Amino acid sequence: MNLKGKRAIVTGGTRGIGKAIVLDFAARGCDVVFTYQSSAEAAKSVEAESGKFGVKILGIQADASKLAEAEKTITFALENIGGLDILVNNAGITKDNLLLRMSEDDFDKVISANLKSVYNYTKAAFKPMMAQRSGKIINIASVVAIIGNPGQANYVASKAGVIGFTKSTAKEFASRNITVNAVAPGYISTDMTEKLNDKQREAILTMIPLKRIGTPEDIAKVVSFLASSEADYITGQVIPVDGGMAM
Ligand code: NAP
């Protein structure tokens, strides 16, 4: 899974799964621009890893839910890493609550950060990818988009939307040699899942046949595969990486 000389954008690269993807890409020889919402300090420490790999790793503050900021990121990447071969739509948030208690604002914010963001970046990335007649787009969905989850109607709806968006754009872009796939992580150990209490964590473990919580690196390896030429004939697919949770 060689990515030598490739150029990538990863949204939400300061922590968790996004950071693991940035570092896995860099380790395979890929220059990376990553975005973040507010963690400027964390962004600096991810950028500092570039020396280890001899590639560029550049962070940029950009709210993924805003189209103009996605366009700004694409321009930044074209100017600073010289092109765009790979886009990973990873940025995401949760605002969990039972539907009865879920505010309109929490519904809208999750849809904007998780689904509208994928529209924003895909739309902005399409032009340069179309011009070079190649590209790999990988969207981070979730296993709960397939199996549902009480208390996460906003999040699950956003991720199910990401899956539908992935399949439609895969069909639209196929003639331009641009593939679009989704990875559906199960329960992965990151800041996002830190919010769960011990009882919730125990309950989730009983649903995982491989009997362990996933790591960000478990996801990053599959994303690198989909971003590489090894996956040239795969498009419109949703790959669960979930220890068997959704089978
Ligand atoms: P995380 O640790 O909470 O990190 C989220 C990242 O997204 C951070 O870099 C954050 O930036 C960035 N971000 C959030 N909102 C943003 C916005 N509006 N604009 C730009 N950047 C934004 O999350 P994670 O657990 O690694 O999750 C990464 C992705 O995997 C998400 O799409 C999530 O839904 C999905 N996923 C996670 C799990 C899991 O178990 N962890 C399972 C299934 C799917 P700041 O640091 O600046 O806040």
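A few notes on this one:
- Rough spin-label spacing in nm, given labels placed 7 Å along Cα→Cβ, for Glu79 and Leu100: 5.3 nm
- Measuring with a 1.4 angstrom probe and ignoring ligands and nucleic acids, Thr190 comes out at about 20 Å² accessible.
- Extension gain (nm, one decimal) between Lys44 and Asp108, 0.36 nm per residue minus Cα-Cα: 20.0 nm
- Glu49, Glu41, ranked by accessible area, largest first (probe 1.4 Å): Glu41, Glu49
- Calculated FRET value between Asp198 and Ile234, using beta carbons and R₀ = 35 Å, to 0.05: 0.35
- Distance (nanometres) between label positions extended 7 Å along Cα→Cβ at Gln37 and Lys4: 3.9 nm
- Divide the volume of the convex hull around the Cα atoms of the chain by the residue count and you get 119 Å³ per residue.
- The C-alpha atoms of region 11-102 occupy a region whose extents along the principal axes are 51, 26, 23 Å, arranged from largest to smallest.
- The convex hull defined by the C-alpha atoms of region 69-197 has an orientation-averaged projected area of 8.5 nm².
- Solvent exposure, largest accessible area first (probe 1.4 Å, DNA, RNA and ligands not counted), of Tyr36, Tyr233: Tyr233, Tyr36
- Exposure check, 1.4 Å probe, all protein chains in place: Phe107 carries approximately 80 Å² of accessible surface.
- Cα-based equivalent ellipsoid, region 12-59: semi-axes from gyration tensor eigenvalues, Å: 16, 11, 8
- Links that overshoot a 18 Å alpha carbon limit, given the list Lys116/Lys159; Lys72/Lys116; Lys127/Lys159: Lys127/Lys159
- Within the accessible area of the chain (1.4 Å probe), percent carbon and sulfur: 54 percent
- Ordering Ile138, Val156, Ile178 by the projection of their Cα atoms onto the charge dipole of region 108-178, which places +1 on the Cβ of Lys and Arg and -1 on the Cβ of Asp and Glu, puts Ile178 at the extreme positive end.
- Region 21-168 - accessible surface per residue (Å², probe 1.4 Å): 43 Å²
- Cβ-defined net charge surrounding Glu79, 14 Å radius [Lys, Arg +1; Asp, Glu -1]: +1
- Note on Leu210: accessible area approximately 130 square angstrom, rounded to 10, probe 1.4 Å, nucleic acids and ligands left out.
- The dipole here belongs to region 133-247: it is taken about the Cα centre, uses +1 on the Cβ of Lys and Arg and -1 on the Cβ of Asp and Glu, and is about 260 debye.
- Secondary-structure-derived ellipticity at 222 nm for the chain, considering helices only, amounts to -13000 deg cm²/dmol, per-run term -39500 (n - 2.57) for DSSP H runs with n ≥ 4.
- Taking 7 Å steps out from each Cα toward its Cβ at Ile213 and Ile147 produces label points 1.6 nm apart.
- Rounded if a/c under 1.5, otherwise prolate or oblate - region 185-247, Cα gyration tensor axes: prolate
The values are calculated or read from the model by the stated rules, or taken from the named source; none is laboratory data. What you see is a predicted model, and the numbers here were worked out from it, not measured in a lab. Cβ sites come from the backbone with ideal geometry, for glycine too, and all protein chains shown count toward neighbours. These area figures cover heavy atoms from the full protein model, side chains too; ligands, DNA and RNA do not enter into them. Shrake-Rupley method; radii C 1.70, N 1.55, O 1.52, S 1.80 Å.
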